[in-house]
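Undergrad: Shown below is the structure under consideration.
We did not get these values from a lab; they are worked out from the coordinates using the rules stated. As the structure is a prediction and not an experimental result, all values here were calculated from the model. Cβ placement follows ideal geometry from the backbone for every residue including glycine, while neighbour counts extend to all protein chains displayed.
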Amino acid sequence: MHTSPENKFHPSASPIQKIILASQSPRRKQLLEWAEVPFEIIVQSTDESYPAHLPVDEIAIHIARNKALAIHKTYQLTIPVLAADTIVVLNNELIGKPKDRANAIAILTKLSAQKHTVITGVVILHNGKEIAFADATEVEFHALTQEQIIFYVDKYQPYDKAGAYAIQEWIGVVGIKSVTGDFYNVMGLPVSRVVQALLQC
């Protein structure tokens, strides 16, 4: 378990009440800060496995729900708990985080010159109610050279990122041909949709 007093916003500065972010992702933290949502980070280790029969668009929700429930049950919180999980899907194949350098290079080689889908599942728990949804964004890479891929992997070491890349880093700036859908969803959180959901809490 890890806690961090990340709320640097006065509650009255935002129409949204303070929430708990059940994620230590720096990208999700940054997006909530940009949206001026007051929050505190609390995370616990959770099982990220999922039933084999789940459709791909439900996998991320399943994992996010486990993250949110772990915090909600442990702390009995009275404020909303927000959890999210992001997955990458290429031709119906789920692509997770790379295991090592060779795997990261192999993943990006597979994504080169292809369209893939980034799906972020979001779960918000508050007062015994759940809001759950998944947002999908289609991303297409230009053809990447092995030199580009190796340069990116060695410099940015994207081992904590599904699909072995971060869209806001060098590889996204020079390598991505098109994005159809929410750009911020690819960063790890469809933040405008999250804000709309939080306004309902």
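Undergrad: Name the GluC sites (Glu not before Pro) in the stretch 137-201 that are in a loop by DSSP and that have at most 12 other C-beta atoms within 10 Å, would you?
TA: Numbers: sites: 138, 140, 147, 169; in loops: 169.
Of the GluC sites (Glu not before Pro), not one in the loops of the stretch 137-201 has a Cβ with at most 12 other Cβ atoms within 10 Å.
Undergrad: Could you grab the relative contact order for the stretch 50-109? Cα pairs under 8 Å, six or more apart, rounded to a whole percent. Please report the intermediate quantities before stating the final value.
TA: Details: 36 pairs, mean separation 16.7, N = 60.
Relative contact order here is 28 percent.
Undergrad: Suppose every K and R has +1 on its Cβ and every D and E has -1 on its Cβ; what is the size of the dipole of the stretch 2-198 about the Cα centre, in Debye to the nearest 20? Walk me through the numbers on the way to the answer.
TA: On the way: 18 positive and 20 negative charges, 48 e Å.
Computed charge dipole of the stretch 2-198: roughly 240 debye.
Undergrad: Given R₀ = 25 Å, what would the calculated FRET efficiency be for residue 151 paired with residue 47, taking r from the Cβ atoms and rounding to 0.05?
TA: Values: r = 35 Å, r/R0 = 1.40.
For R0 = 25 Å, the calculated efficiency reads 0.10.
Undergrad: Please determine, in degrees from 0 to 90 and to the nearest 10, the orientation of helix 101-111 with respect to the longest principal axis defined by the Cα atoms of the chain, where the helix direction is its Cα long axis.
TA: The angle comes out at about 80 degrees.
Undergrad: For Cα extents along the principal axes in Å, which listed value, (i) 89, 30, 21; (ii) 50, 38, 29; (iii) 74, 37, 37, comes from the coordinates shown?
TA: (ii)
Undergrad: Could you calculate the FRET efficiency of residue 170 with residue 76 from 1/(1 + (r/R0)^6), where r is the beta carbon distance between them and R0 is 41 Å, rounded to 0.05? Before the final figure, lay out each step's value.
TA: On the way: r = 43 Å, r/R0 = 1.06.
The computed FRET efficiency comes out at 0.40.
Undergrad: Quick check on the chain: helices-only [θ] at 222 nm, where DSSP H runs of length 4 and up contribute -39,500 (n - 2.57) each and the sum goes over total residues. Nearest 500, please. Provide the component values of the computation, followed by the final result.
TA: Values: 7 runs with 70 residues, N = 201.
After summing the helix terms and dividing by the residues of the chain, the value is -10000 deg cm²/dmol.
Undergrad: Can you give the net charge of the other residues whose Cβ lies under 12 Å from the Cβ of residue 140, counting K and R as +1 and D and E as -1? Display every interim value, and only then the final one.
TA: On the way: positive: 115, 177; negative: 138.
Counting the neighbours of residue 140, the net charge comes to +1.
Undergrad: For the chain, modelled as a Gaussian network with Cα springs under 10 Å, which listed residue fluctuates most, 173, 191, 56?
TA: 173
Undergrad: Can you pull out the trypsin sites (Lys or Arg not before Pro) in the stretch 46-126 whose DSSP state is coil and whose Cβ has at most 14 other Cβ atoms within 10 Å? Can you show the working numbers first?
TA: On the way: sites: 65, 67, 73, 99, 101, 110, 115; in loops: 99.
The qualifying sites are 99.
Undergrad: Same structure, new question: Give the lysines reachable from residue 99 as a straight Cα distance under 21 Å; neighbours fewer than 8 places away on the same chain don't count.
TA: Output for residue 99: 110, 155, 161.
Undergrad: Something else now. Please give the net charge around residue 77, taking every other residue with its beta carbon less than 12 angstrom from that of residue 77, where Lys and Arg add +1 and Asp and Glu add -1.
TA: Values: positive: 18, 73; negative: 40.
Summing Lys and Arg as +1 and Asp and Glu as -1 gives +1.
Undergrad: Still on this structure, I have one more. For residue 192, what charge total do you get from the other residues with a beta carbon under 12 Å from its beta carbon, if Lys and Arg give +1 and Asp and Glu give -1? Numbers along the way, then the final one.
TA: Values: positive: 193; negative: 135, 182.
Every neighbour counted, the sum reads -1.
Undergrad: Full-extension gain between residue 192 and residue 133, please, as 0.36 nm times their residue separation minus the C-alpha to C-alpha distance.
TA: Working: separation 59, 0.36 × 59 = 21.24 nm, distance 1.29 nm.
Residue separation times 0.36 nm, minus the Cα-Cα distance, leaves 19.9 nm.
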